[in-house]
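Peer 1: My questions will all concern the structure given below.
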Amino acid sequence: MLKRVRIVGVGMTGLGRHGLPAVELSRQAVDLALLDAGMSMVDLQGLVAVPSISQPHFMQAHYIGTKLGLLPRRKFVVRTIDTGGAGPISALSTAAQIIRQEWADVVVVVASDAVLSLNSAEFARRADSSVEGSDLPSPCIPNGYDRVAEWHMKAYGLRREQLAMVPVIESHLAAKHPLAMCKQPLTLDDVLSSRRVGNVTNLLECARRTDGGCALIVASERHFKRHFTKALNLCPVIVSSGEASGPIYPPAADRITEELFSCERATEIAYQAAQVGRDDIDFFALYDCFPICLIRALEATRVCPVGGGGELVESVYRDLMRTGRVDTKRWPINTHGGLQCFGAPWEVPAMYNVVEAVAQLTGRAAARQLTPKPRRALVYGNGGIFSASSVAILGDGDYSAGTHHDIAAEE
Ligand code: CAA
């Protein structure tokens with residue numbers, strides 16, 4: 001039987017320009033997560049971290065572990081995971097594996113970066129260098145997604161306005177989150193008249209640069225129940241995960257095919273491992289660094305048919321214009337606002353997907369809470385330019401309610 005593993009604590013710093021090194025943001029986030037879990041530093045037995053682009057360090061997780069005073073320690077395992085923006089979900093799944101292999105009972109997953117504290121030119125230089133060797137014009141990352149968006153428009157009839165509707169919908173959701181960077185809902189005109197960054201990409205459709213740190217404490221249920229007092233219904237279960245990969249940058253537009261994309265496979269693996277399907281998922285936290293990334297994710301996770309992402313976005317948008325609110329029955333997605341409207345500290349933002357999923361699964365999402373409370377969530381991280389996909393299924397693990405059963409999470 002698989003050991004049941006739960007997310008027992010979450011902690012995040014605020015977003016914005018902090019003027020602090022990334023490792024300090026990690027420290028703050030870990031302190032907050034420990035507080036949430038009712039633990040202290042001595043309770044940790046492992047650390048999994050993702051790289052930072054503002055303060056890169058050799059063996060980032062070892063660096064963070066050392067700076068936080070977690071090392072040296074006899075029983076302690078440390079690992080850096082480098083799958084770009086997919087990193088937090090890969091790290092979550094790695095933490096669960098470490099616990100299932102019985103190398104540790106409590107592992108902290110941490111990610112932080114300070115990309116808003118870098119000036120624009122320096123951020124652009126570092127971001128461009130992440131796809132060194134590509135033929136993409138600067139800013140390379142937005143232009144890489146722009147290339148894929150244009151391809152998708154030709155292949156499936158996606159329209160320019162449908163891309164721009166994504167941040168409009170997400171801004172309405174973000175406006176309900178006290179920590180989101182986007183405080184006011186955007187209009188389609190705001191998006192379409194904002195500065196052009198690529199052929200079919202404008203400024204308000206880009207992942208929003210910010211500083212931020214976030215930590216998740218992951219623990220074996222058995223160990224947690226024995227040593228800590230936090231109620232288990234506040235600690236979602238990691239049910240399954242899946243991962244797949246693509247190239248570090250996309251090929252020329254005329255050579256893009258469906259082969260480029262990996263979210264489909266990562267999702268399929270996660271669904272199969274959990275023995276669930278799309279209809280069993282009540283909340284989706286999908287990577288959305290640019291609108292095309294979200295549209296591909298809607299299709300890959302089977303929220304809508306392949307090629308149907310634009311139509312779904314448009315119908316939710318039209319409904320929003322009519323009623324003034326996002327119909328979360330049809331769009332139980334990114335209630336925090338995603339990368340474009342909540343904020344995106346480089347490789348950190350998939351952590352926010354997990355934090356929002358935890359909030360939804362535990363009924364603590366305040367004004368954003370979906371009703372009825374979701375029982376299962378799918379979280380997705382994407383790295384590079386469709387270069388890495390990592391998906392995890394989380395369950396509320398509220399067995400006492402007797403409402404359902406997470407098949408792959410038996411101990
Ligand atoms: N919504 C609202 N405002 C936004 C915004 C958004 N989505 N994006 C930027 N802005 C605002 C900024 O806050 C800033 O406002 P102020 O002037 O009031 O400070 C203003 O627009 C200008 O933004 P920048 O300072 O960033 O402008 P710039 O000229 O230096 O750069 C840009 C513009 C090239 C589009 C840059 O913002 C950019 O590169 N953005 C994308 C960041 C990115 O690529 N992130 C990674 C995505 S890929 C991924 O996540 C996977 C992975 O593996 C990491």
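Peer 1: Report yes if Leu158 is assigned to a loop (DSSP other than H, G, I, E, B), within 23 Å of Ala253 (Cα to Cα), more than 11 Å from the ligand (Cβ to nearest atom) and touching a Lys or Arg at 6+ places or on another chain (Cβ under 8 Å), otherwise no. Steps first, answer last, please.
Peer 2: Numbers: assigned to a loop (DSSP other than H, G, I, E, B): yes; within 23 Å of Ala253 (Cα to Cα): yes; more than 11 Å from the ligand (Cβ to nearest atom): yes; touching a Lys or Arg at 6+ places or on another chain (Cβ under 8 Å): no.
So Leu158 fails the test.
Peer 1: Does segment 27-51 hold any residues that are touching a Leu at 6+ places or on another chain (Cβ under 7 Å) and buried (at least 22 other Cβ atoms within 10 Å of the Cβ), and which are they? Please lay out each step first, then the result.
Peer 2: If we filter segment 27-51 for residues that are touching a Leu at 6+ places or on another chain (Cβ under 7 Å), which is where we start, we get 27, 30, 33, 40-41, 44, 47.
Matches in segment 27-51: Val30, Ala33, Leu44, Leu47.
Peer 1: What are the residues in segment 190-225 that are out of contact with any Asp or Glu (no Cβ under 9 Å at 6 or more places or on another chain) and either without any contact (Cβ under 8 Å) to a residue 12 or more places away in the chain or away from the ligand (no atom under 13 Å from the Cβ) (or both), if any?
Peer 2: Residues satisfying the conditions are Ser193, Arg195, Arg196, Leu203, Cys214, Leu216, Val218, Lys225.
Peer 1: Moving on. When both residues are 6+ apart or on different chains and their Cβ atoms are under 6 Å apart, which pairs have a first residue that lies in segment 330-343 and is away from the ligand (no atom under 14 Å from the Cβ), and a second that is assigned to a strand (DSSP E or B)?
Peer 2: So the pair list comes out as Pro332/Phe283; Ile333/Phe284.
Peer 1: Could you tell me which of the residues Val77, Val42, Val107 is within 23 Å of the chain's Cα centre (by Cα), β-branched (Val, Ile, Thr) and at pLDDT 95 or above?
Peer 2: Details: Val77 fails: within 23 Å of the chain's Cα centre (by Cα); Val42 fails: within 23 Å of the chain's Cα centre (by Cα).
Selected residue: Val107, the only one of Val77, Val42, Val107 that is within 23 Å of the chain's Cα centre (by Cα), β-branched (Val, Ile, Thr) and at pLDDT 95 or above.
Peer 1: Now for a different question. Taking the stated definitions as given, is Ser54 under 21 Å from the mean Cα position of the chain (by Cα), at pLDDT 95 or above, crowded, with 24+ Cβ neighbours inside 10 Å and among the small types (Gly, Ala, Ser)? It would help to see each step written out before you state the result.
Peer 2: Numbers: under 21 Å from the mean Cα position of the chain (by Cα): yes; at pLDDT 95 or above: yes; crowded, with 24+ Cβ neighbours inside 10 Å: no; among the small types (Gly, Ala, Ser): yes.
No.
Peer 1: Is it the case, given these coordinates, that Gly397 is in a loop (DSSP other than H, G, I, E, B), at pLDDT below 95 and away from the ligand (no atom under 16 Å from the Cβ)? Reasoning before the result, please.
Peer 2: Details: in a loop (DSSP other than H, G, I, E, B): yes; at pLDDT below 95: yes; away from the ligand (no atom under 16 Å from the Cβ): yes.
Answer is yes for this residue.
Peer 1: So if I check each of Arg364, Arg322, which one is out of contact with any helix residue (DSSP H, G or I) (no Cβ under 6 Å at 6 or more places or on another chain), part of a helix (DSSP H, G or I) and away from the ligand (no atom under 16 Å from the Cβ)?
Peer 2: On the way: Arg364 fails: part of a helix (DSSP H, G or I).
When all the criteria are applied, what remains is Arg322.
Peer 1: Give just the number: which of (1) more than 18 Å from Pro236 (Cα to Cα); (2) assigned to a helix (DSSP H, G or I); (3) among the charged types (D, E, K, R) does Glu356 not satisfy?
Peer 2: (1)
Peer 1: Could you tell me how many of the residues in segment 125-136 are within 22 Å of the chain's Cα centre (by Cα) and assigned to a helix (DSSP H, G or I)? Break it down stepwise before answering.
Peer 2: Start the filter on segment 125-136 by keeping residues that are within 22 Å of the chain's Cα centre (by Cα), which leaves 126-128, 130-131.
Pick out the ones that are also assigned to a helix (DSSP H, G or I) and you get 126-128.
So the count comes out to 3.
Peer 1: If you don't mind, another one. Exactly one of (1) among the β-branched types (Val, Ile, Thr); (2) near the ligand (Cβ under 10 Å from one of its atoms); (3) more than 23 Å from Gly383 (Cβ to Cβ) is unmet by Val168. Its number?
Peer 2: (2)
The values are calculated or read from the model by the stated rules, or taken from the named source; none is laboratory data. Every value quoted in this text rests on a predicted model; they were computed, and no experiment measured them. Quick reminder, even Gly has a Cβ in these numbers, built from the backbone with ideal geometry, and neighbours come from all protein chains shown.
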